[in-house]
Structures are given as structure tokens and as C-alpha cells.
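Taking it in order: structure first as C-alpha cells, then the write-up.
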């Protein structure tokens, strides 16, 4: 992570932050975060990220103290990001990487890091998903619908990236990504009550309704149906879309071309939304 950060719009250095200013977030995980991609200094889908962050804060008004409303505006965050990039020679106005916005203790913290080290390889070669964490979630559990600072469950599983399933034997998501499976000519993703995170890229694809003539929609996804998959992709805001070339022991070579088509659509939508 880079040393330049911002707190409620004020550019600071990471080493100058004070723990007691974020005590509820640190000690109790009372807060939320969102991670967004930055290409050549421009944040992708920033309005969507801020809307989701605000919705999570609003869902827990007595637990998480919201920052001042003015610092959560899209243009305010864009300006804060620009000032961070301009102030640090290691970043610069054309910075490409990942931004993170975290809300806790009445503060909005912006941090920056380089692109994921395996991002290009993941897009080029795809990923393998060969294990399932059964019963990781309970159907209808609401907390996975919010990206909380209490993120240990997902963090502890990042190295292996298993498919997380609920007690009904339905697929939910991966530790850091949403799941899409091509079944019967349709691209299916688990519904929010599976449960799963309402990922930004997931929503972009669902809002499209179809991509290249392939319908996209939510549907309960029993693990038993994954053997029928013709292709599979995972989505998140840092890498956008990655093909799953091997899903629970089944080779899915068509996943790479599907991922490429979906990435093209996502980038087109990002350019339109600004």
C-alpha cells in the first residue's frame, strides 16, 4: 500500500494516522469498505461504489457512525483522489491500481495500492476453482450483503479461493468475487439471499440483462448443477472478469473467451458512466 492516504478529504500520510480515530472499526469491525479500480487516474464505477457504501452505513445507523455527507459525494471523492495522486510522485496523475474507501468512526478513509500482482495472469490464463467450503453461509444471512471491516472469514480463505456454499448446498460466491455460470445458454449468478455480496461488476452485468445475446440473471445455483456448466467466470472490481478454466474438476476452456467478452462490456459501461 502507498503511504499517501486521505481522511474525510484531507490528504495525509499513513504513518500519521491515529488508531484511536478508528477505534470502533479496528476493535469491533464496525464499518464498511469498498475496493475500486483506477485506470490512468480515473476511478471506475465510483458512483456505484459510493452508493453501496452509503446503503450499508444507512442499514446500520446506530452501529456505524457515518462521515459528513459532503465527503461521500462522487465529485468530492474524485477531487480527493486527484489531490492524493498529485501529491505523491510514486503515484502520479496517470496512476493505475486499486483504491479502497473505508467508513468507520465518522470518517471516510481513502487508501491506494498497486494492481493485484496476479491480475494480468488471471485475465490471460484464467483461474481454477477446485474446492467448496460447504456451509460457509446460511441462506438469507444478511451480513454478506455488506462489505464489512470484519472480513476475517473471507481473508482466511483467500489463498485457496474456494467456492463458498450455504447449508442448502447452493453456491454463494468466492471469498473476493461473485460467481457467474453459463447454463442452458444463460449466464446465471446466485441471488443476494444465497447470500452473496452485491458486487459492483455483478450489478453492471445484471443491469445489462444480456451480453452478446446471452441473458444474464439471478437464480439459485445448486452445487449439483455445476457439472452442467459450459463456462464460468468470477467478477470483482479490481480484476473485473476472470474466466474459470477448471471448476470442481471439470475443464471449461470456453470460460476465457466468455470472460473477454464480458470485460469488454464492463469497460464500455465504465466509459459511459464516467
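Just so you know, all these numbers are worked out from the coordinates, no wet-lab data involved. Computed from a predicted structure; not experimentally measured. Cβ placement follows ideal geometry from the backbone for every residue including glycine, while neighbour counts extend to all protein chains displayed.
Tabulated results
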quantity: Single residue of 109, 44 found to be within 19 Å of residue 270 (Cα to Cα) and either in contact (Cβ under 8 Å) with a residue 12 or more places away in the chain or more than 17 Å from the chain's Cα centre (by Cα) (or both); calculated: 44
quantity: Scope segment 13-40; condition within 19 Å of residue 77 (Cβ to Cβ) and surrounded by 16 or more Cβ atoms within 10 Å (Cβ to Cβ); matching residues; calculated: 22, 25, 31, 32, 33, 34, 35, 36, 37, 38
quantity: Residue list for segment 68-91, restricted to those being in contact (Cβ under 8 Å) with a residue 40 or more places away in the chain and part of a loop (DSSP other than H, G, I, E, B); calculated: 68, 88, 90, 91
quantity: Filter result for residue 224 (out of contact with any helix residue (DSSP H, G or I) (no Cβ under 7 Å at 6 or more places or on another chain) and exposed (fewer than 14 other Cβ atoms within 10 Å of the Cβ)); calculated: yes
quantity: Unmet criterion (only one of (1) over 21 Å from residue 53 (Cβ atoms); (2) surrounded by fewer than 19 Cβ atoms within 10 Å (Cβ to Cβ)) for residue 232; calculated: (2)
quantity: Scope segment 99-118; condition closer than 27 Å to residue 233 by Cβ and surrounded by fewer than 20 Cβ atoms within 10 Å (Cβ to Cβ); matching residues; calculated: 100, 113, 114, 115, 116, 117, 118
quantity: Residue check, residue 4 crowded, with 18+ Cβ neighbours inside 10 Å, over 16 Å from the mean Cα position of the chain (by Cα) and more than 21 Å from residue 150 (Cβ to Cβ); calculated: yes
quantity: Among the residues listed as 52, 65, 121, the single one being part of a helix (DSSP H, G or I) and either crowded, with 21+ Cβ neighbours inside 10 Å or touching a strand residue (DSSP E or B) at 6+ places or on another chain (Cβ under 9 Å) (or both); calculated: 52
quantity: Segment 26-49: number of residues that are within 22 Å of residue 175 (Cα to Cα) and assigned to a strand (DSSP E or B); calculated: 7
quantity: Search result, residues across segment 141-188 that are under 17 Å from residue 205 (Cα atoms), surrounded by fewer than 18 Cβ atoms within 10 Å (Cβ to Cβ) and touching a helix residue (DSSP H, G or I) at 6+ places or on another chain (Cβ under 7 Å); calculated: 183
